[in-house]
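First comes the structure, then the notes that go with it.
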Amino acid sequence: MENLLPRFLEYVQIDTQSDPNSKTTPSTEKQWKLAKKLVLELSKIGLEKVSIDENGYIMATLPSNLNKEIPTIGFIAHYDTTPDFTGTNVKPQIIENYDGGDIILDKATNTILSPAYFEDLKQYVGQTLITTNGKTLLGADDKAGIAEIITAMEYLIKHPEIKHGKIRVGFTPDEEIGRGAHKFDVKKFGANWAYTVDGSQVGELEYENFNAASAKISIKGKSVHPGYAKNKMVNAIGIANEFISLMPSREVPEMTEGREGFFHIHTIKGDIEHAEFELIIRDHDEEHFLARKELLEAIAKKINTKHDNIVTVSINDQYQNMKEKVEPVFHVIEIAEEAMLKIGIEPLIKPIRGGTDGSQLSFMGLPCPNIFAGGHNFHGKYEYVPIESMEKAVETIVKICELTGEKF
């Protein structure tokens, strides 16, 4: 695994932020720089049928070394990073033999990665951490996953005594803006099932995710001189406030966990004549998810009854809970779970409080649970990843390939 760390450090220093306002795929031109590099690297380590299409989707094959036919499996990761925080001029720091104390990321701004706030750090005393310099994100989401998949394939090529079936590798753009699977050619990929390597801490194994929708609430007001406004003015800002007050105040991200769903208002703007706010709706339970959407419509109806149809609700479904597509082929979870146990990892099977390419791919006909890549605190300057966690991810991928060969 000597190439794992230098490989990862090289990837994260290439800016690959995606852009939700772009209509192209990839959504940013700069994603092509890493994409083209990955194509060359996949060929260099010895994979076959390496390809990249006009939308930046990369695929490659490690042929079977068995004398029997078994299912083809795949491993998928994304090479874009989030637009939520800058990924320009990433300068990773290496903290060897972490002592369990505060890590000064940037002395000038007093940016500190502290176990007093980020308690997960306590798990990694004595290990080597890769952190940011306090000015950018790191990009372990999901360049750690890419480095781990490539390193695992390289390991299998160098160790032909490990028997495995045909393995497919896929790297995608624009996952961070919800488009990572939109143009993924499942038929061309040709796997019976796959794993996204895009989770967080060691042991994560996920096959449930939120049902998700976005919503925009638009309000038309009437501006009248405030001195003569009685029974005439309709203040759109006030109506927006009334609408929000009728939503469940505790069902928000900062007050929920596990399988609890939420509403999350992320944008609001307006004046007396017009106001609007945007939110996302999330719930693991399909009935609760539908009820959340119905609640927004009911609140609008209540206000419109008083104010002559001034509120408009627009809801767009985004993705579904992949659980219903993975459970019928639950052996894909059992193989990953057994692989972790065999290399000394305690599996952490839990729902994803978010989305994943694997969700969309599962509904496109490719069952695709998610396994850990090892990083923490994604999408910001406190992001870090232990190199030991990345090594465990490589071992997990290799063991999944080996166990699949043994079981079929």
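The values are calculated or read from the model by the stated rules, or taken from the named source; none is laboratory data. Just so it is clear, the structure is predicted and the values come from calculations on it, not from any experiment. Every residue, glycine as well, gets a Cβ built from its backbone with ideal geometry; the counts of neighbours run over all protein chains shown. The accessibility values were calculated without ligands, DNA or RNA, using every heavy atom of the protein model including side chains. Shrake-Rupley method; radii C 1.70, N 1.55, O 1.52, S 1.80 Å.
Laid out as a table, the results:
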{"read-out": "Subset of region 188-218 [within 30 Å of Asn235 (Cα to Cα) and either hydroxyl-bearing (Ser, Thr, Tyr) or open to solvent by 10 Å² or more (accessible area, probe 1.4 Å) (or both)]", "value": "Ser214, Lys216, Ser218"}
{"read-out": "Complete set of residues in region 27-52 that are assigned to a helix (DSSP H, G or I), open to solvent by 20 Å² or more (accessible area, probe 1.4 Å) and in contact (Cβ under 8 Å) with a residue 60 or more places away in the chain", "value": "Glu41, Ile45"}
{"read-out": "Hits in region 189-204 - residues which are touching a Gly at 6+ places or on another chain (Cβ under 7 Å) and more than 16 Å from Met390 (Cα to Cα)", "value": "Phe189, Ala191, Ala194"}
{"read-out": "Cys368 vs. criteria open to solvent by less than 10 Å² (accessible area, probe 1.4 Å), part of a loop (DSSP other than H, G, I, E, B) and under 25 Å from Ser64 (Cβ atoms)", "value": "yes"}
{"read-out": "Where Thr196 falls short, out of the listed (1) closer than 21 Å to Val329 by Cβ; (2) assigned to a strand (DSSP E or B); (3) at pLDDT below 95; (4) not basic (Lys, Arg)", "value": "(3)"}
{"read-out": "Flag if Lys68 is open to solvent by 30 Å² or more (accessible area, probe 1.4 Å) and either part of a strand (DSSP E or B) or at pLDDT 95 or above (or both)", "value": "no"}
{"read-out": "Single unsatisfied condition, His225 versus (1) surrounded by fewer than 18 Cβ atoms within 10 Å (Cβ to Cβ); (2) at pLDDT 95 or above", "value": "(2)"}
{"read-out": "Test: Asp15 is in a loop (DSSP other than H, G, I, E, B) and closer than 19 Å to Gly145 by Cα", "value": "yes"}
{"read-out": "Lone unmet requirement of (1) closer than 26 Å to Gly355 by Cα; (2) touching a Cys at 6+ places or on another chain (Cβ under 9 Å); (3) open to solvent by 10 Å² or more (accessible area, probe 1.4 Å); (4) not small (Gly, Ala, Ser) for Ile167", "value": "(3)"}
{"read-out": "Selection count where residues are open to solvent by less than 60 Å² (accessible area, probe 1.4 Å) and either touching a Leu at 6+ places or on another chain (Cβ under 6 Å) or polar (S, T, N, Q) (or both), scope region 102-146", "value": "13"}
{"read-out": "Of all residues making up region 199-222, the number that are under 20 Å from Ile315 (Cα atoms) and modelled with pLDDT of 95 or more", "value": "6"}
{"read-out": "Of residues in region 239-260 being farther than 17 Å from Ala298 by Cα and in contact (Cβ under 8 Å) with a residue 60 or more places away in the chain, the one least open to solvent (accessible area, probe 1.4 Å)", "value": "Gly258"}
{"read-out": "Among residues of region 297-341, those that are open to solvent by less than 30 Å² (accessible area, probe 1.4 Å) and closer than 26 Å to Glu208 by Cα, counted", "value": "9"}
{"read-out": "Those residues of region 100-127 which are touching a residue at least 40 places away in the same chain (Cβ under 8 Å), over 24 Å from the mean Cα position of the chain (by Cα) and assigned to a loop (DSSP other than H, G, I, E, B), in sequence order", "value": "Gln127"}
{"read-out": "Given (1) over 20 Å from the mean Cα position of the chain (by Cα); (2) not in a loop (DSSP other than H, G, I, E, B), index of the condition Phe75 fails", "value": "(1)"}
{"read-out": "Members of region 288-328 that are in contact with a Gly (Cβ under 7 Å, 6 or more places away or on another chain), modelled with pLDDT under 95 and not in a strand (DSSP E or B)", "value": "Met322"}
{"read-out": "From Gly354, Gly344, residue being surrounded by fewer than 24 Cβ atoms within 10 Å (Cβ to Cβ), assigned to a loop (DSSP other than H, G, I, E, B) and free of Cβ contacts under 8 Å to residues at least 12 places away in the same chain", "value": "Gly344"}
{"read-out": "Filter result (in a loop (DSSP other than H, G, I, E, B) and among the aliphatic types (A, V, I, L, M)) within region 215-265", "value": "Val224, Ala229, Met233, Leu246, Met247, Val252"}
{"read-out": "Members of region 266-287 that are part of a loop (DSSP other than H, G, I, E, B) and modelled with pLDDT under 95", "value": "His284, Asp285"}
{"read-out": "Close pairs from region 81-96: first at positive phi, partner modelled with pLDDT of 95 or more and surrounded by 17 or more Cβ atoms within 10 Å (Cβ to Cβ), Cβ under 7 Å, at least 6 apart", "value": "Asn89/Thr136"}
